Amino acid sequence: MRCVIARFPFDLVKSEVESKMDGLAPEEVTGACVVIGRKVFPVKQVGEVITRQDRRDFTAGEVTRALVRLGFVCHATPPQSPLASGSAPDPFGEMGG
């Protein structure tokens, strides 16, 4: 798929993005993010890897649009883990306190 990021044209393929990100550790996610495989990456990290540009040269929105068009699932904020969403374990456990 052809897209423009930071005024430069790129031909991106979903499988190539996946292979470039394979084996990389995701940085801490504090904003826009994308699910690649079983990992959640900041879109700026992915944009830097796939374009080889400094992440200050493009916006998260540019990369997010390209990744969504490729079929990736993107989030504006980090998805919450099951424990963070309020389903904490019962504080009384099986004792019923």
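The values are calculated or read from the model by the stated rules, or taken from the named source; none is laboratory data. These figures come from a predicted structure and were not determined experimentally. Backbone-built Cβ (ideal geometry, glycine too); neighbour counts: all protein chains shown.
Things to note:
- Matching residues in the range 67-82 - criterion: being of a type in the set (A, V, I, L, M), within 15 Å of Lys44 (Cβ to Cβ) and in contact with a helix residue (DSSP H, G or I) (Cβ under 8 Å, 6 or more places away or on another chain): Leu67
- Scanning the range 1-22 for residues that are surrounded by fewer than 12 Cβ atoms within 10 Å (Cβ to Cβ), charged (D, E, K, R) and over 14 Å from the mean Cα position of the chain (by Cα) yields Arg2, Arg7, Asp11.
- Unmet requirement for Ala25, which otherwise passes all of (1) part of a loop (DSSP other than H, G, I, E, B); (2) modelled with pLDDT of 95 or more; (3) under 10 Å from the mean Cα position of the chain (by Cα): (3)
- Conditions (1) exposed (fewer than 15 other Cβ atoms within 10 Å of the Cβ); (2) in contact (Cβ under 8 Å) with a residue 24 or more places away in the chain; number of the one not met by Lys39: (2)
- Cross-chain or 6+ apart pairs with Cβ under 6 Å, the range 51-72 first and in contact (Cβ under 8 Å) with a residue 12 or more places away in the chain, then among the basic types (Lys, Arg) and exposed (fewer than 15 other Cβ atoms within 10 Å of the Cβ): Leu70/Lys14; Gly71/Lys14
- Considered as a group, the residues in the range 46-78 that are farther than 16 Å from Lys14 by Cα, within 10 Å of the chain's Cα centre (by Cα) and of a type outside the set (A, V, I, L, M) include one that is modelled with the lowest pLDDT, and that residue is Pro78.
- Here Arg38 fulfils each of the conditions (1) farther than 19 Å from Asp57 by Cα; (2) modelled with pLDDT of 95 or more apart from (2).
- Only one entry in Ala76, Ala66, Ala25 is surrounded by 18 or more Cβ atoms within 10 Å (Cβ to Cβ) and of a type in the set (A, V, I, L, M), namely Ala66.
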